[in-house]
Amino acid sequence: MGPVKPAAGHLPCPGKTLCRTPASTRAFGVRLARLLRPGQVVALSGELGAGKTTLVQGIAKGLGVADLKQVTSPSYTLVNEYPAEQGMLIHIDLYRLESPAAIAALGLDDYLGRADAFVVIEWAERMRAQLEADTLWIEIAQIPGGRMFCLRRNARGIVFPLDHRIKNH
């Protein structure tokens, strides 16, 4: 397979990982969780069905969430909190919220500022301006043969330093 070209409006991404199955996406999430630190915000961006929630399930497993069956998309509840061995996992889904006013009304700053929690936001591009510069952005693209995960340190394109344990599937 040749190099993947970035979608229109996206920066090139040297920090790429290809996952061919939901199981490999979860395994990638487990490895990614090992690199996260409490207080970290992870912003997920990708089309509907791209694998955002599947990646969160892997992150939850990597952080030590006891009941992985409860890790589901919070599209209707908007925020789910999962106790984990490593701290609290806060899973936010902005799919149903399109206006900045609706997002601001949620009061997400209380979650984003928690030093004891790992915050993962699906559809995070809807609140890009509110997220800190050190947010880990993961763009997910559906491509023939799987999902391509592009990791960036922030929205301006600084690449997150990938550990070899993440890249080796």
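The values are calculated or read from the model by the stated rules, or taken from the named source; none is laboratory data. Quantities reported herein were computed from a predicted structural model and do not represent experimental measurements. No Cβ is skipped: glycine too gets one built from the backbone with ideal geometry, and neighbour counts run over all protein chains shown.
Listing for the model above:
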| read-out | value |
| --- | --- |
| Every pair of residues 6+ apart whose Cβ atoms lie under 7 Å, when the first sits in region 21-47 and is over 16 Å from Asp93 (Cβ atoms) while the second is acidic (Asp, Glu) and modelled with pLDDT under 95 | Leu35/Asp163; Pro38/Asp116 |
| Selection from region 44-83 of residues that are under 22 Å from Thr17 (Cβ atoms), touching a Leu at 6+ places or on another chain (Cβ under 8 Å) and not β-branched (Val, Ile, Thr) | Leu44, Lys52, Leu55, Gln57, Gly58, Ala60, Lys61, Gly62, Leu63 |
| Identity of the residue in region 49-108, among the polar types (S, T, N, Q), out of contact with any Lys or Arg (no Cβ under 9 Å at 6 or more places or on another chain) and not in a loop (DSSP other than H, G, I, E, B), that ends up surrounded by the fewest Cβ atoms within 10 Å (Cβ to Cβ) | Gln70 |
| So Ala155, is it closer than 19 Å to Leu32 by Cα, of a type outside the set (S, T, N, Q), modelled with pLDDT of 85 or more and surrounded by 17 or more Cβ atoms within 10 Å (Cβ to Cβ) | no |
